[in-house]
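Have a look at the structure below before the remarks.
The values are calculated or read from the model by the stated rules, or taken from the named source; none is laboratory data. Since we're looking at a predicted model, the values are computed, not measured. Here the Cβ is made from the backbone with ideal geometry for all residues, glycine too, and neighbour counts use every protein chain on show. The area values use the complete protein model at the heavy-atom level, side chains included, leaving out ligands, DNA and RNA. Shrake-Rupley method; radii C 1.70, N 1.55, O 1.52, S 1.80 Å.
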Amino acid sequence: MKACIVTLIALFTLLNISGCKNKGSVDSDGMPKTLMIGVVQTDAFDQVKKVREQMRAYLEKKLGIPVELVFSTDYSGLIEALKAKKVHVANLPPFAYVIATRALPLTPIVTLGNNGKPSTYHSVIIVNGHSKLMNMTDVKREAKNLTFCFVDPASTSGHLVPRGYLNTIGLNPDNAFKQTIFAGTHPASVLSVKSGKIDVGCTTDMVFKIMIQSKMLKEGDVRVIWTSAPIVSDPIVVRNDVNKEFTKKIQRAYLDMNTDAPDILKSYVRLFLKDTAKRSYMVAQDSMYDGLRKIAAGIKDLKAN
């Protein structure tokens, strides 16, 4: 009986693995039967889920094949899904893209643009709205008594950029603070600082608008004490084993969203940004992320995943 159970478990596992492989696989011409798109699941943001579903339906209509969303709990999981060929397409933060391209070939197809130029956002370091820490000089002075949180090891604004900045002012996050942790998500980082569980945290400036809309945050709950230089927006990437002509068709579907489905695009942009008038997808180039590669290369013993 025991041997039979073990055999059944092994068979069930094999079937599951095969099913996952079939979903993310491509035929001899590089064509998927169902296009699998990987995204990071945003904590309890129903607005984001709704717009993503609208985008999925739009792409399915434009591409003429079924489209499914594959949700990951973190950026590293999204990279692993690409490596394991469970997804064909992924919406990756810039640093996660840099990490992923170390291990596998990917083609960045589009990024969000602003009047024909790449949209940008910022990394920010935050404290509680009532904190006595007023600037990074205070943080540096009190570092040994402070707790600090990053977001995710593969996060651009929540790890790479603030870590690089901290190094430039003589603070090694691995030993400069009383404790350094990864919160897991941007909202978790913000809420840890808001609640007082963490003294200093980092995130992206784009998260505040949607957290306030979702009543997770109020104006004044946290205070920004450092803002980074602009960071080029996330690329949408495709595995290189996907048919090249079909990859161009996916790219064209995103590029046409501004004219073919403007309400969907505006609904997505409006979640994070006030200005939606001149936002549209534009062609992405790998070279757009060379600056982040330089930051990563300049951080000794950087652990990205």
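A few remarks follow.
- Tyr254, sole failed condition from (1) buried (at least 22 other Cβ atoms within 10 Å of the Cβ); (2) closer than 21 Å to Ile299 by Cα: (2)
- Residue count for region 101-115 satisfying the condition of being among the small types (Gly, Ala, Ser) and either free of Cβ contacts under 8 Å to residues at least 12 places away in the same chain or touching a strand residue (DSSP E or B) at 6+ places or on another chain (Cβ under 7 Å) (or both): 1.
- Some residue of region 196-217 being hydroxyl-bearing (Ser, Thr, Tyr) and either open to solvent by less than 30 Å² (accessible area, probe 1.4 Å) or within 19 Å of the chain's Cα centre (by Cα) (or both): yes
- Entry remark, region 121-131: residues being more than 14 Å from the chain's Cα centre (by Cα), open to solvent by 20 Å² or more (accessible area, probe 1.4 Å) and in contact (Cβ under 8 Å) with a residue 24 or more places away in the chain number 3 in total.
- One residue from Leu82, Leu104, Leu78, Leu69 being among the aliphatic types (A, V, I, L, M), in contact with a Gly (Cβ under 9 Å, 6 or more places away or on another chain) and modelled with pLDDT under 95: Leu78
- Identity of the residue in region 218-227, touching a residue at least 24 places away in the same chain (Cβ under 8 Å) and assigned to a loop (DSSP other than H, G, I, E, B), that ends up most open to solvent (accessible area, probe 1.4 Å): Gly220
- Residue list for region 165-195, filter: modelled with pLDDT under 95 and open to solvent by less than 20 Å² (accessible area, probe 1.4 Å): Pro187
- Cβ pairs under 6 Å, 6+ apart, first in region 48-63 and at negative phi, second surrounded by 15 or more Cβ atoms within 10 Å (Cβ to Cβ) and not in a helix (DSSP H, G or I): Val48/Thr42; Arg56/Val67; Arg56/Leu69; Tyr58/Ala261; Leu59/Val67; Glu60/Val67
- The residue that is nearest to Ala154 (Cα to Cα), among those in region 38-75 that are part of a helix (DSSP H, G or I) and touching a Pro at 6+ places or on another chain (Cβ under 9 Å), is Tyr75.
- Listed by first and then second residue, the pairs linking a residue in region 183-202 that is on the phi > 0 side of the Ramachandran plot to a residue that is open to solvent by less than 50 Å² (accessible area, probe 1.4 Å) and in a strand (DSSP E or B), with Cβ atoms under 7 Å apart and 6 or more places separating them unless they lie on different chains, are Gly196/Asn128.
- Strands (runs of 3 or more DSSP E) (entirely within region 76-174) containing at least 1 residues that are touching a His at 6+ places or on another chain (Cβ under 6 Å): 147-150
- Flag if Leu160 is modelled with pLDDT of 95 or more, surrounded by 24 or more Cβ atoms within 10 Å (Cβ to Cβ) and either under 30 Å from Ser214 (Cα atoms) or of a type in the set (A, V, I, L, M, F, W, C) (or both): yes
- All told, Arg293 falls short of being of a type in the set (Lys, Arg), assigned to a helix (DSSP H, G or I) and modelled with pLDDT under 90.
- Screening Thr276 against (1) under 21 Å from Thr204 (Cβ atoms); (2) hydroxyl-bearing (Ser, Thr, Tyr); (3) out of contact with any Leu (no Cβ under 7 Å at 6 or more places or on another chain); (4) at pLDDT 90 or above leaves a single unmet condition, (4).
- Residues in region 266-286 include at least one that is open to solvent by less than 40 Å² (accessible area, probe 1.4 Å), among the polar types (S, T, N, Q) and in a strand (DSSP E or B).
- Verdict on Ala90 being more than 18 Å from Cys202 (Cα to Cα), open to solvent by less than 10 Å² (accessible area, probe 1.4 Å) and modelled with pLDDT of 95 or more: yes
- Boolean, Val232 is touching a residue at least 12 places away in the same chain (Cβ under 8 Å), surrounded by 15 or more Cβ atoms within 10 Å (Cβ to Cβ) and farther than 17 Å from Leu35 by Cβ: yes
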